[in-house]
Every structure is written in C-alpha cells, then in structure tokens.
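Undergrad: Sharing a structure below in structure tokens format, with a few things to ask.
A short reminder: the numbers here are calculations on the coordinates, not readings from a lab. The shown structure was predicted, so the numbers you read here are calculated from the model rather than taken from an experiment. Backbone-built Cβ (ideal geometry, glycine too); neighbour counts: all protein chains shown.
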2 protein chains.
Amino acid sequence: MSISDNVRARMVEGSWVRKMFEEGAVLKQRYGEDNVFDLSLGNPVMEPPPEFDHELKRLVENPLSGMHRYMANAGYSETRAAVAAQLSLETGVEFTMNDIVMTCGAAGGLNVALKTILNRGEEVIVFAPYFMEFGNYVDNHGGVIEVLPTDEQFIPKLDALEAAITAKTKSVIINSPNNPTGVVYSEDFVHQLGDLLGKKESQYGTQIFLISDEAYRKIIYDGLKYPPVFRHHRQSIVVASHSKDLALPGERVGYIAIHPECSEREELVGGFVFCNRTLGFVNAPALMQRAVQNLQQVTVSVAEYQKKRDFLYSNLAEMGYSLVKPQGAFYMFPKSPLEDDVAFVKELQQWNVLVVPGRGFGSPGYFRLSYCVNDRTLEGSLAGFKKAAQKFNMC
Amino acid sequence: MSISDNVRARMVEGSWVRKMFEEGAVLKQRYGEDNVFDLSLGNPVMEPPPEFDHELKRLVENPLSGMHRYMANAGYSETRAAVAAQLSLETGVEFTMNDIVMTCGAAGGLNVALKTILNRGEEVIVFAPYFMEFGNYVDNHGGVIEVLPTDEQFIPKLDALEAAITAKTKSVIINSPNNPTGVVYSEDFVHQLGDLLGKKESQYGTQIFLISDEAYRKIIYDGLKYPPVFRHHRQSIVVASHSKDLALPGERVGYIAIHPECSEREELVGGFVFCNRTLGFVNAPALMQRAVQNLQQVTVSVAEYQKKRDFLYSNLAEMGYSLVKPQGAFYMFPKSPLEDDVAFVKELQQWNVLVVPGRGFGSPGYFRLSYCVNDRTLEGSLAGFKKAAQKFNMC
C-alpha cells in the first residue's frame with residue numbers, strides 16, 4: 001500500500017467536477033469538441049483584459065534585475081501596498097501592506113490561513129451548497145468540517161449557525177458571490193453574521209475567524225456590491241484571487257488580507273508567512289505579482305458575463321427550471337427535475353450537455369452549471385435543456 | 001489564542017536562514033548594503049540564461065488563446081513530455097509524460113509527494129546536515145522525521161540507516177548535490193543505498209520511497225554527474241525545480257518524476273495530482289510551464305559558479321578553515337572554529353559577514369555559506385574570514 005489511506009479515500013470520494021470533466025472528454029472525443037456543450041468547469045473562457053497584456057509585455061520587455069529571484073515570503077512590498085490601497089478604498093477600513101500576504105491564488109490562501117489557525121480537531125463551519133474543496137483544505141490541516149444548511153435563497157441559516165457554534169469552532173467560511181449558486185450576500189446578512197460571531201466569541205471566550213472567500217468579489221451584476229466583511233467582524237480574513245477578475249486561473253496569484261485590528265494580528269500574519277513558506281508555496285509567482293500590481297482596479301468585462309447570465313437564466317426559467325437568479329460569479333444552481341441529481345446529469349449528457357450534480361457541492365437534488373463559456377456553447381446547450389424539460393414534463 | 005499551537009512552536013524554533021536574513025537587514029541598514037557581505041541565502045544572484053528571456057518574450061509577444069487558463073492539474077502535456085524526454089536522456093530509463101507532474105518548485109513537489117504517501121505516524125528518514133524545511137514538510141502531513149548521521153565527508157552512514165529502518169519507515173529523503181554541504185553522492189553510494197532499501201522492503205513487506213531532492217542536479221562541477229536514483233531503486237521519486245538551474249526561484253516551477261516501473265505507479269500519480277490540487281497549488285504557474293518547456297537542456301553558467309567555488313574554497317582552506325570541497329550546488333559547510341557555531345556566526349557578523357550556523361541544518365559545530373552571490377561580495381567577505389581565522393589561531 002503505497003498511498004496514504006486518507007488520500008485514497010478522498011480520491012475515491014472524488015471531485016464531481018473532475019468526474020464530469022473526464023466523462024466530458026470521452027463525449028468530446030466521440031462527438032467532436034463542437035458538438036458537446038460543456039458547462040461543468042469554472043475555467044473562464046475570457047482572455048485577461050488588455051491592461052494585463054500590456055503590463056506583462058512591459059515587464060518582459062524591460063526586465064528588472066533580479067525579477068525572477070526569491071522575494072520575502074509575503075510577496076513584493078509594492079504589490080502588497082497596491083492591494084492594501086485598493087482594499088482601503090473598497091472597504092473604508094485602512095489597510096497597509098502589513099495586512100496583506102500574496103498567495104498562490106485563493107486555494108493557496110485558504111490552505112495557508114487554515115493551516116495557520118487550526119489545531120487538530122477544531123471545527124470549521126461551511127454552508128451547503130459549498131465549494132467541496134473546502135472539505136479537503138480543512139482536512140489537510142487537521143480540522144473538522146461541519147456543514148450547515150442555507151434557506152431557499154441559498155442564504156446561510158443563522159439560527160442553525162447559532163445552535164452549531166461550540167467552544168471548538170475556530171472558523172466560519174463564507175463564499176460570496178457564491179460558487180455554486182451565484183448568490184451575493186447582503187450587507188444586512190453580513191452584519192447579522194458578524195454580530196452572531198461576536199456574541200459567540202464573548203460567550204465562549206474564543207476567537208472565531210470569519211474567512212471570506214472572495215474569488216468572485218469583482219464579478220457582480222445589477223449594480224450590486226458585496227459588503228466588506230471587515231466592517232462587521234474584527235476577526236476577519238479575506239482570501240482573494242486574480243483567477244477570475246483578471247482571468248488568470250492558471251497563473252496562481254491571489255492574496256490573504258487580515259483585518260488591521262484583528263487581535264493577535266501580527267502573530268497571525270507571521271503564521272501566514274511561515275505557512276506560505278513551509279507548505280511549499282514559498283511565495284506567489286514573482287512575475288505575476290508584478291503584473292497584477294497596477295491592475296487592482298481592472299476587471300474582465302462583467303457586462304459580458306451578465307449578458308451570458310441573462311441569456312441562460314431567462315431561457316432556463318422559461319423552460320420551467322426552478323432556479324434562484326444569480327447576482328454574481330458565473331454559476332447557476334437550478335433544482336434538478338429528478339430527485340436523483342446524478343441521474344438527471346446523465347440525462348443531460350445524452351444530449352451532450354455537461355453540468356455537475358448538486359451533491360458535488362453538498363446539495364443533492366440540484367445541479368450546477370457554469371456559464372463562463374463562449375456564447376456558441378451556451379446557445380448549443382439550450383436544445384438539451386429543452387429536451388430534458390420536455391421529458392420530465394416541466395413545460 | 002488565534003494561531004495553531006504547532007505552527008507557533010515551529011515558528012519559534014524557526015528558520016536560522018531567515019534569522020540571519022533579518023539580522024543582516026539590520027546590519028545593511030546600519031553600514032550600507034555594500035559594506036555587508038551576505039553569504040546567508042540561497043537566492044542566486046545570476047539572471048536566468050538568455051534562452052529563458054527569449055522564450056518568455058516569444059510567449060508574451062505571441063499569446064496563445066487561453067494560455068492563462070487552468071490546465072489539467074498535472075500540468076501541460078507538452079511540458080510534461082519535454083521533461084520526460086530529458087529525464088529519459090539523462091537516466092537511460094524510459095519516461096513518458098504520465099510519470100511527470102508539474103509542481104510549484106521542489107518545495108511544492110516535496111509537500112505533494114509526502115502528502116500523497118504518508119499515513120499519520122509513518123517515518124521519514126533524512127541525514128544531517130539537511131535542509132531543515134524537510135522537517136516542516138514531513139510534519140505538515142502527519143509524518144515523523146528521523147535524522148541520521150553522515151560521515152566526515154557528509155555521506156549518509158548506511159549502517160546507521162540499516163539499523164534505523166523499521167516497518168514504519170515510509171521514505172528516505174536524499175538531497176544531492178547537497179544543501180548545505182555541496183557534496184555529490186557517487187553512483188556507488190546510490191547503488192548501495194538502493195540495495196539496502198530493497199533488502200529492507202523485502203524484510204518488512206513494505207515499500208520504502210527514495211525521494212531524491214534534485215533542486216541542484218544540474219549545478220555540478222569538475223565534470224562529475226549525479227547518478228540517477230532511478231537506476232538503483234524502483235520506488236523512487238525525484239523532485240526537481242527550475243529555481244536554480246534556470247535561476248527562477250521566485251517563479252515556482254518544478255516537477256515530480258516517478259519511476260515508470262514503480263509499483264502502484266498509477267495510483268501514486270493520481271495521488272500527486274489530487275494533492276497538487278487540494279493542497280491549493282492547483283497547478284504549476286501556466287506561463288512558466290510553457291517558458292521552461294523548451295529549456296530542459298539549458299542551464300545557467302555552471303562554470304561561473306565553479307569559479308566562485310574555487311575562489312572561496314582555496315581562500316578559506318588557505319586561511320586554515322577545515323572544509324570538504326563541494327562538488328555541486330553553491331554552498332560550503334566548513335567546521336566552525338568555535339564549538340558554538342552560533343557564537344562564531346556572531347563573530348563573523350562583527351566583520352559584516354553573514355553566514356548560517358550549522359545547527360540550522362541539524363549539525364551544530366559547522367556553518368553554511370552560500371556563494372551564489374556576486375564576486376564583490378565574495379571578495380569582500382575574505383577580510384572577515386581572515387580576521388576570524390587569526391582571532392581563533394587557525395593560521
């Protein structure tokens with residue numbers, strides 16, 4: 001037995017997104033890439049904005065001496081300062097570079113943050129449906145994940161949270177705009193959540209970290225804004241990424257930001273830097289840190305994503321699918337017309353449409369589709385959705 | 001108490017390299033950058049070879065559609081195939097891309113490999129002096145590190161290894177060319193090591209992974225070659241990096257290679273890919289994967305490093321320092337003239353020379369110096385070494 005028992009078990013349990021990816025590859029081989037409509041992956045089809053190409057060219061054509069060497073494990077001061085300035089602007093809370101650690105994307109940032117705070121057996125609360133990698137991340141560092149429900153609109157149920165928090169609760173992870181639902185939490189909700197965490201901290205004499213995964217923070221529609229968690233809870237950690245806002249998922253650059261007034265802030269940041277180093281990230285990729293430094297206010301075309309959302313939402317709603325209208329990110333999470341979401345996903349596959357069953361996000365009975373794809377794929381998928389709707393008498 | 005007890009303890013124990021870095025920063029501020037001779041860090045002063053600049057420019061000026069998107073977690077097929085071809089050439093063992101997983105440098109690769117194989121409490125053997133991060137990496141994934149001695153020439157003692165291997169031994173990590181000693185293991189040694197591991201595998205009915213950290217494989221002097229471990233042990237995993245051979249430490253690109261005939265190879269590679277994803281690396285940075293694809297036979301100027309070694313080695317030897325002549329990497333590990341290596345390091349600091357105490361590598365009574373610095377720094381350090389030699393009557 002070569003491989004770790006735990007890794008083997010978790011591999012078998014597996015990632016539904018990846019499973020769909022593999023089944024999709026088979027379909028594409030059989031029917032041709034153009035005849036399969038793959039809405040299973042959150043791998044944006046959009047290219048980075050022209051400002052990114054410009055920055056990258058500028059850096060590569062005018063190389064700085066030592067620009068590919070190690071820097072401090074927290075990242076370049078200039079990049080950290082640029083992120084801090086932007087966060088100050090967005091949140092009204094004053095950040096400095098000392099509150100920022102550059103990371104290998106949000107996935108790297110989450111692992112670093114969890115490793116830093118978790119003692120073995122401490123609990124981390126998430127709300128289903130949720131990005132299932134959270135479970136792997138928490139397990140990596142000896143934590144125990146606890147999954148709580150959301151309401152009909154996919155908003156976490158605060159009464160369930162109140163009942164679930166114990167002296168062992170170290171953190172609550174939220175993700176808004178949300179993968180897989182596209183829901184954006186309101187300022188009122190975040191305020192209530194912060195209040196509740198504060199109350200529980202007092203009750204138990206503990207600190208409960210609100211970790212806000214904001215990979216999609218800049219992809220929000222209808223003029224909405226995601227309210228800064230920093231205004232509502234002091235023990236707040238934001239983990240962000242340029243994977244989606246600058247369409248750079250393969251380049252692995254993002255950051256951790258901690259509330260400037262977080263208690264034991266300095267030790268926590270020291271922990272982030274230590275864990276960034278010792279988990280083997282060492283630092284976020286050097287060239288990409290410099291490339292994103294001047295692009296903190298730049299985002300891919302949100303209008304284009306909104307157009308895709310409008311197109312798909314209105315079509316699916318008209319066909320009779322039951323779904324919450326997403327306000328951000330680039331996912332929808334409709335109810336599965338069959339109770340068995342895997343069976344329904346297989347039905348859709350017969351019409352060459354690929355989506356992910358809701359159980360891949362801890363919520364059986366739904367399915368996720370990702371609309372960060374080109375319009376031809378979106379348009380092509382409609383026939384399959386329509387046939388499924390007819391077959392299951394939804395119209 | 002916000003931070004994990006284990007992380008806090010390990011931070012306090014700390015990295016001597018980092019401590020020296022911080023004390024050096026103070027000295028530099030006081031005396032000026034040019035008057036401090038910093039031989040403490042393995043951060044190559046050399047720029048990447050011109051071939052790298054050429055490749056990077058070519059990619060950036062002719063962007064491929066989707067070149068910054070996610071790819072398979074194992075990395076681009078083309079890059080994996082290029083690495084496999086090069087390894088086949090170097091080792092005489094036939095590799096395919098299926099034996100290669102691209103990683104965020106060797107540090108990322110080591111974490112991925114250890115996470116994949118280790119069950120809680122399983123043992124990993126290293127030989128002092130050793131790169132102390134190995135201890136953090138093993139601990140990250142629930143393993144227990146066991147440190148064994150080397151001989152006067154810094155070659156692992158195989159009789160000690162034979163006595164130390166138990167049914168719980170999951171892996172032995174070697175690092176050649178070695179950090180901190182610069183020693184390169186001989187083919188004969190690697191053969192004996194492989195034999196011993198094979199014998200112990202039969203005795204216990206286990207598999208013992210030989211993990212070879214080959215971050216410095218291409219930086220070898222005097223026409224020597226590092227013998228491929230793959231020829232001598234079937235359960236072999238090589239972890240490599242382009243941080244040193246292409247001088248890209250900040251860019252985080254390297255790979256794991258597994259013996260094509262390793263038993264349970266496919267499950268192991270599946271584990272690497274899974275752990276690469278779930279530890280939060282997701283994939284090695286996209287642009288850098290492409291940039292190194294055609295550079296598998298390119299290396300920074302090894303002759304230049306050899307010149308630096310010759311210069312420093314002959315000077316230190318002449319002053320009376322007792323040291324093993326390094327044959328690779330860019331470190332030396334002389335005996336400390338004082339039994340207390342930290343005290344000696346502080347003496348050197350008085351003459352503005354920065355090195356790292358041997359206890360930072362598990363071997364008190366020595367010190368490490370890094371000569372991947374510019375010639376001015378090397379030359380400037382000699383006065384301090386000379387004064388210390390005189391003070392401690394070494395001449």
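Undergrad: What nm distances, shortest first, do you get from the label point of B:G32 to those in the other copies when the point sits 7 angstrom along Cα to Cβ?
TA: Inter-copy label distances (nm, one decimal, shortest first): 7.2.
Undergrad: Can you sort B:K244, A:K170, B:K346, B:K386 so the residue with the fewest Cβ neighbours within 10 Å comes first?
TA: Lowest to highest Cβ neighbour count: B:K346, B:K386, A:K170, B:K244.
Undergrad: Can you run phi through the Karplus equation (6.51, -1.76, 1.60; θ = phi - 60°) for region A:223-228 and list ³J(HN,Hα) in whole Hz, with x for Gly and Pro?
TA: For region A:223-228, the Karplus curve yields x, 6, 9, 7, x, x Hz.
Undergrad: Right, something else. Helix B:341-350 sits at what angle to the longest principal axis of chain B, using alpha carbons and giving 0 to 90 degrees rounded to 10?
TA: 60 degrees
Undergrad: Based on the Cβ-Cβ distance from A:K307 to A:H54, what FRET efficiency comes out when R0 is 22 Å, to the nearest 0.05?
TA: Working: r = 25 Å, r/R0 = 1.13.
Approximately 0.30, to the nearest 0.05.
Undergrad: Enumerate the amide H contacts of A:S241 below 5 Å, restricted to partners 5 or more residues apart or on another chain; note that Pro and chain-start residues carry no placed amide H.
TA: The answer is A:Y255.
Undergrad: Collect residues whose amide H, placed 1.01 Å from N in the peptide plane, falls under 5 Å from the amide H of A:L148; neighbours closer than 5 in sequence don't count.
TA: So A:L148 has HN proximity to A:V126, A:F127, A:A128.
Undergrad: Can you bin region A:116-200 into rounded, prolate or oblate? Criterion: square roots of the alpha carbon gyration tensor eigenvalues sorted a ≥ b ≥ c, rounded for a/c under 1.5, prolate for a/b above b/c, oblate for the rest.
TA: Since a/c reaches 1.5 but b/c is at least a/b, the shape of region A:116-200 is classed as oblate.
Undergrad: Lysines within cross-link reach of A:K168: Cα-Cα under 24 Å, excluding same-chain residues under 8 positions apart?
TA: Within the straight-line cut-off, A:K168 pairs with A:K115, A:K157, A:K199, A:K200.
Undergrad: Put a dot 7 Å past each Cα toward the Cβ at A:S77 and B:E318; how far apart are the dots in nm?
TA: It works out to 3.9 nm between the two label points.
Undergrad: For the residues A:L110, A:L287, what sequence is obtained by ranking on other C-beta atoms within 10 Å, fewest first?
TA: A:L287, A:L110
Undergrad: Got a sec to turn the phi values of region B:295-312 into Karplus ³J(HN,Hα) couplings, 6.51 cos²θ - 1.76 cosθ + 1.60 with θ = phi - 60°, whole Hz, x for Gly and Pro?
TA: So the J values, rounded to whole Hz, are 10, 5, 9, 9, 9, 4, 5, 5, 4, 5, 4, 4, 4, 5, 4, 4, 4, 6.
Undergrad: First check a/c for region B:165-289, with a ≥ b ≥ c the square roots of the eigenvalues of its C-alpha gyration tensor; if it is under 1.5, answer rounded, and if not, answer prolate when a/b is larger than b/c or oblate otherwise. Walk me through the numbers on the way to the answer.
TA: On the way: a/c = 2.29, a/b = 1.15, b/c = 1.99.
Taking the square roots of the gyration eigenvalues as a ≥ b ≥ c, region B:165-289 is oblate.
Undergrad: Would you pull out the residues with amide H under 5 Å of A:F209's amide H, same chain only if 5 or more places away, H placed 1.01 Å from N?
TA: The list, which skips near neighbours in sequence, is A:S171, A:V172.
Undergrad: Oh, and also: If each label sits 7 angstrom from Cα along the C-beta direction, how far apart, in nm, is A:G121 from its counterparts in the other copies?
TA: From this label point to the equivalent ones elsewhere in the assembly: 1.6 nm.
Undergrad: In whole angstrom, note down how far apart the Cα centers of region A:178-217 and region B:90-169 are.
TA: Cα centroid to Cα centroid, the span is 40 Å.
Undergrad: As a check on your grasp of the helix formula, calculate [θ] at 222 nm for the protein assembly as shown: sum -39500 (n - 2.57) over DSSP H runs of n ≥ 4, divide by the residue count, round to the nearest 500.
TA: -13000 deg cm²/dmol
Undergrad: Now for a different question. If I take every Cα pair under 8 Å that is 6 or more residues apart in chain B, average their sequence separation and divide by the length, what percent do I get for the relative contact order? Numbers along the way, then the final one.
TA: Values: 739 pairs, mean separation 93.1, N = 395.
This gives 24 percent for chain B.
Undergrad: Would you give the gap between the C-alpha center of region B:270-310 and the C-alpha center of region A:220-269, rounded to a whole Å?
TA: Comparing the Cα centres of region B:270-310 and region A:220-269, I get a distance of 29 Å.
Undergrad: Helix B:50-61 sits at what angle to the longest principal axis of chain B, using alpha carbons and giving 0 to 90 degrees rounded to 10?
TA: Rounded to the nearest ten degrees, it is 50.
Undergrad: If you take the square roots of the eigenvalues of the alpha-carbon gyration tensor of the protein assembly as shown and sort them as a ≥ b ≥ c, do you get rounded (a/c under 1.5), prolate (a/b over b/c) or oblate?
TA: prolate
Undergrad: Using 7 Å Cα-to-Cβ label points, what is the B:D340/B:Q153 separation (nm, one decimal)?
TA: In this crude label model, B:D340 to B:Q153 measures out at 3.5 nm.
Undergrad: What ranking do B:K335, A:K391 get, fewest neighbouring Cβ atoms within 10 angstrom at the top? Numbers along the way, then the final one.
TA: Details: B:K335 17, A:K391 13.
Ranked by crowding around the Cβ, least crowded first: A:K391, B:K335.
Undergrad: What does the copy distance list look like for A:E318, label position 7 Å along Cα→Cβ, in nm and ordered from shortest?
TA: Between copies, matching label points for A:E318 lie 8.7 nm apart.
Undergrad: Here's a follow-up. Using the Karplus curve 6.51 cos²θ - 1.76 cosθ + 1.60 with θ = phi - 60°, what ³J(HN,Hα) values do you get for each residue of region A:97-113, in whole Hz, with x for Gly and Pro?
TA: 4, 6, 9, 10, 10, 6, 9, 6, x, 6, 4, x, x, 5, 4, 5, 5
Undergrad: Compute the helix-to-body angle for B:375-391: its Cα long axis versus the longest principal axis of chain B, expressed 0 to 90° and rounded to tens.
TA: So the inclination is approximately 50 degrees.
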